[in-house]
1. Test Leu72 against the stated conditions and say whether it is surrounded by 15 or more Cβ atoms within 10 Å (Cβ to Cβ), farther than 20 Å from Ile35 by Cβ, in contact (Cβ under 8 Å) with a residue 40 or more places away in the chain and within 15 Å of the ligand (Cβ to nearest atom).
2. Within the range 89-96, can one find any residue that is assigned to a strand (DSSP E or B), within 16 Å of the ligand (Cβ to nearest atom) and either touching a residue at least 24 places away in the same chain (Cβ under 8 Å) or surrounded by fewer than 15 Cβ atoms within 10 Å (Cβ to Cβ) (or both)?
3. Lys16 - would you say it is among the charged types (D, E, K, R) and either within 16 Å of the ligand (Cβ to nearest atom) or at pLDDT below 95 (or both)?
4. Sort out for me the strands (runs of 3 or more DSSP E) sitting completely within the range 205-305 that have 1 or more residues that are farther than 25 Å from Asp94 by Cα.
5. For Thr202, indicate whether it is in contact (Cβ under 8 Å) with a residue 60 or more places away in the chain, surrounded by fewer than 18 Cβ atoms within 10 Å (Cβ to Cβ), assigned by TED's automatic domain parsing to the domain that holds Pro103 and within 25 Å of Ser142 (Cα to Cα).
6. Among what's in the range 221-263 and is small (Gly, Ala, Ser) and at positive phi, pick the residue that is most open to solvent (accessible area, probe 1.4 Å).
7. For Glu41, are the conditions met, namely being more than 14 Å from the ligand (Cβ to nearest atom) and among the acidic types (Asp, Glu)?
8. Mind checking which residues of the range 189-225 are aliphatic (A, V, I, L, M) and farther than 30 Å from Ala153 by Cα?
Amino acid sequence: MPPIGIYIHIPFCKRKCHYCDFYSITNLKEIPNYINYLLLEIQRRSLSFFEQSSIKTNTIDTIFIGGGTPSLINPKYIEKILSEIDKYFDLSSDAEITLECNPAASDAKSFSDYAFLGINRISIGVQSFLDDELRFLQRLHSTSEAMATIETARKYFDNLSIDLIFGLPGQTFANINKSLSQAIELDLPHISYYALIYEEGTPLHNDLLEGKILPIADEQSAEYYLQIGDTLGSKGYEHYEISNYARLGYRCRHNIKYWTCSETLAFGASAVGMINDFRYKNVSDVSRYFALLNNGNLPDELCEKLTFEERLTEFVFLSLRSLGLNFKDFSERFGVDLFALLNNEIELLVASNLATFENKTLKLTPKGYYICDEITLRLLKKIEKANVQNIR
Ligand code: SF4
């Protein structure tokens, strides 16, 4: 059995950024309590999976500690989490162990502690190297703090990633280029470059609805996206997922598990795991998370077995947004010859420079990535028309 990945959610932030829809709270007093319940969930869920034989291996080769702001909690808690995982699982000697850090909540001592504890990949939420943009995003750090965090982190870690955001209202490419050039100059092995999304229910989305801000036009956003991809490509970064760019050997192995529909366990409020074709999601509320665990339950908000159609749809969508849709792999999973179904579509996509087709893999180009949803829907319609369920 292939090894599985583990995601741990740390739902605490010093302050909520107005664009963010990840589950987190600002009551930091709950951290010690939360860690105790998190350890209980790791124990209870792991034992329950092993009892039901839902997990066919106990080998783990990636751990991702995300949030929220994991760097906000004392490293002694990270140690507790890792040793609890160690009680139930066999951690591969070459496991990738990532911790997300916020420049407003990181210090040099913590980085040396993380390295000592076995963390070997750090992902830093920089978002921009321009102070005006950081203020707009309501980040608590400045550009100089972000730079200092990167410099400190690289003393202990070679595998470093930063997150950047583009597409802010009124943003010019000259401004994007300042952040982009800074990231390239720092020679970071991995960059995640996301488009600003107006997530429903966030204060930023409300500002948009009230007309307080004017988003950039779609064409502008597409142009920026392609320019960012071109620039990073010319500097040797592989564009291996819609928003992710890596130097050779530095793809994020944990995220690739999601994009290849591999098995992942998840612990913590709002965390989502996928085991044996079952997807579970924990409650997005720390008090309910505590109460459920306290009453001897698992903190599930939902737990559902994916249907054949759902698995197929996810596989097509996630493959296209990342390393490409491999027809041999698809046929082994779903018993369907895609080439016979999509022959014309492939020709069209390749001729329009939206995809390449090599080694039985349909891989989107940057232009294709930008309209990934549209392409996925088109291909799924073709597959649906052939009534894949009956082909099974
Ligand atoms: S620090 Fe990160 S997780 Fe917390 S509110 Fe801001 S963007 Fe969201």
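The values are calculated or read from the model by the stated rules, or taken from the named source; none is laboratory data. Note that the structure is a prediction, hence the values are computed from the model and not measured. Here Cβ is always computed from backbone atoms with ideal geometry, including for glycine, and neighbour counts include all displayed protein chains. For the accessible areas, the whole protein counts, side chains as well, though only heavy atoms, and no ligand, DNA or RNA atoms are used. Shrake-Rupley method; radii C 1.70, N 1.55, O 1.52, S 1.80 Å.
1. Against the criterion (surrounded by 15 or more Cβ atoms within 10 Å (Cβ to Cβ), farther than 20 Å from Ile35 by Cβ, in contact (Cβ under 8 Å) with a residue 40 or more places away in the chain and within 15 Å of the ligand (Cβ to nearest atom)), Leu72 does not qualify.
2. So far as the range 89-96 goes, no, none of its residues is assigned to a strand (DSSP E or B), within 16 Å of the ligand (Cβ to nearest atom) and either touching a residue at least 24 places away in the same chain (Cβ under 8 Å) or surrounded by fewer than 15 Cβ atoms within 10 Å (Cβ to Cβ) (or both).
3. So Lys16 passes the test.
4. In the range 205-305, 278-282, 300-305 are the strands (runs of 3 or more DSSP E) which contain 1 or more residues that are farther than 25 Å from Asp94 by Cα.
5. yes
6. This residue is Gly249.
7. Answer is yes for this residue.
8. Listed by number, the residues that qualify are Leu204, Leu208, Leu209, Ile213, Leu214, Ile216, Ala217, Ala222.
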